[in-house]
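Comments concern the structure below.
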Amino acid sequence: MPGTGDTLDTLLQKARKLAPVLRQRAAETNKARRIPEETIQDFWDAGLWYLLKPKKFGGPELRPDVALSVASELSRGDGSAGWVWAVMTIHDLLVALWPEEFQQEYWAKNTLSASSFAPSGKATPASGGYRISGQWTFSSGIDNADWLLLGVFFGPPSGGSPIPDIRYVMLPKGDYKVIDDWFVFGLRGTGSKGVVVEDVFVPDHRICGLAGMIQGTSPGSKVHDSPLYKASVWGIIPFTISSPANGIARGGLDAFIEDMKVREGSYDHSPLSKKPGLPPTPRKLNLSDIIPERASEWLMAATTGLSMSPP
């Protein structure tokens, strides 16, 4: 479990300590087309899971921009590991929007979840819930997950809204089948495979509507006091992608600079590290971090009212 008193600097130190380990393991991760269990355990041991878990359930309830800064550092070591960490971490914020009954079920033990946000499939009413069927794609970290979050079409637009009735459901492992279809070049280690669900019953307490997530009126908004759970999550979720992407770019730059330290020019055999413009100036490097950091801080303040000063 993360320490409730962990500051941003402490979390980043933990992530930077793990980055070289992830880098050494990256080739194995790509070959396996999934995140190794030892990497998942390393994150538990370092106290890097559950950063967004609500205080009501024993978590530190950190701001998303603080938590996702960790994803950037982890991704400097291995983009796949950082990507899956970010996706699974944002799920703790999302689960906090579900009815309290499901939150108690989900956090009864150490739990991680995968997802496929793009709505698909269909829902058929049943006593106490719905029966779900369909096929979904891009479920990052599915091999490491205990639960699966899926976007489902529940009905056509109504009430003058152009948006269909989209809701998100949570399925425990065993209620879905994994399709081994993740044969790609980039981010192979994320294991972002497809899933199939065949006429599975989902009780009402495992369902959360998109409208409530957008409007800040989800069932969880009445469970937790923080304005974070009353904000529109769709202003926050894009940083789940941009944070590891920034770290992947920085990791590529790290590798480039290390390579330039030992490479010589073919013309004069002088060290390439001494050539003008190599490596990039500190100002250019700082801007690549500052721009997304300031954007995420501003968004946190604008959407949740939380302080712009990270702990």
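The values are calculated or read from the model by the stated rules, or taken from the named source; none is laboratory data. Predicted, not measured: the structure shown is a model, and the values here were computed from it. Every residue, glycine among them, receives a Cβ derived from its backbone with ideal geometry; neighbour counts consider all protein chains shown.
Number of residues in the range 27-50 that are surrounded by 18 or more Cβ atoms within 10 Å (Cβ to Cβ), touching a residue at least 60 places away in the same chain (Cβ under 8 Å) and in a helix (DSSP H, G or I) equals 3.
Answer yes if at least one residue in the range 118-127 is touching a residue at least 12 places away in the same chain (Cβ under 8 Å), within 16 Å of the chain's Cα centre (by Cα) and more than 13 Å from residue 206 (Cβ to Cβ), and no otherwise. Within the range 118-127, one or more residues are touching a residue at least 12 places away in the same chain (Cβ under 8 Å), within 16 Å of the chain's Cα centre (by Cα) and more than 13 Å from residue 206 (Cβ to Cβ). Scanning the range 191-243 for residues that are more than 19 Å from residue 147 (Cβ to Cβ) and of a type in the set (Val, Ile, Thr), we see that the one that is modelled with the highest pLDDT is 217. Among the candidates 151, 82, the residue that is part of a helix (DSSP H, G or I), surrounded by 15 or more Cβ atoms within 10 Å (Cβ to Cβ) and modelled with pLDDT of 95 or more is uniquely 82. For residue 178, indicate whether it is in contact (Cβ under 8 Å) with a residue 40 or more places away in the chain and either over 22 Å from the mean Cα position of the chain (by Cα) or part of a strand (DSSP E or B) (or both). Spelling it out, it is not the case that residue 178 is in contact (Cβ under 8 Å) with a residue 40 or more places away in the chain and either over 22 Å from the mean Cα position of the chain (by Cα) or part of a strand (DSSP E or B) (or both).
Among the residues of the range 243-267, those identified as out of contact with any Ser or Thr (no Cβ under 8 Å at 6 or more places or on another chain), surrounded by fewer than 14 Cβ atoms within 10 Å (Cβ to Cβ) and acidic (Asp, Glu) are 258, 259. Looking at 125, 172, just one residue is closer than 24 Å to residue 44 by Cβ and out of contact with any Pro (no Cβ under 8 Å at 6 or more places or on another chain), and that residue is 172.
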